[in-house]
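Each remark here refers to the structure printed beneath this line.
The values are calculated or read from the model by the stated rules, or taken from the named source; none is laboratory data. Since the structure is predicted, the reported quantities are computational estimates derived from the model, not experimental observations. No Cβ is skipped: glycine too gets one built from the backbone with ideal geometry, and neighbour counts run over all protein chains shown.
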């Protein structure tokens, strides 16, 4: 599974609009032909057409709705030796 952040997410984090401690995060599953464009896929609307359909235990995410795969147990740690931040979460099921 590939996991990437779009440039807009990093921008919103820098502006304080995204708070990983308190905001609700959702994961979505994409069709096999989907290719993420880090520079141009900024919002859910930019990629929503490529999301998998509801079925087989997966519920399609809808912006503003409480569906999809919610992340839980988010943990954020800083490593000053390797100059990195690690974000982990429980497997959303």
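Observations, loosely collected:
- Yes/no for residue 46 being at pLDDT 80 or above, surrounded by 10 or more Cβ atoms within 10 Å (Cβ to Cβ) and assigned to a loop (DSSP other than H, G, I, E, B): no
- Complete set of residues in the range 24-43 that are closer than 23 Å to residue 76 by Cβ, in contact (Cβ under 8 Å) with a residue 40 or more places away in the chain and assigned to a loop (DSSP other than H, G, I, E, B): 24, 25, 28
- Of the residues making up the range 1-16, those that are over 10 Å from the mean Cα position of the chain (by Cα) and over 17 Å from residue 76 (Cα atoms) are 1, 2, 7, 8, 11, 12, 15.
- Qualifying residue in the range 64-87 (condition: touching a helix residue (DSSP H, G or I) at 6+ places or on another chain (Cβ under 8 Å) and either modelled with pLDDT of 80 or more or under 21 Å from residue 18 (Cβ atoms) (or both)): no
- Residues satisfying the stated conditions in the range 1-23, i.e. surrounded by 10 or more Cβ atoms within 10 Å (Cβ to Cβ) and part of a loop (DSSP other than H, G, I, E, B): 5, 6, 17, 18, 20, 23
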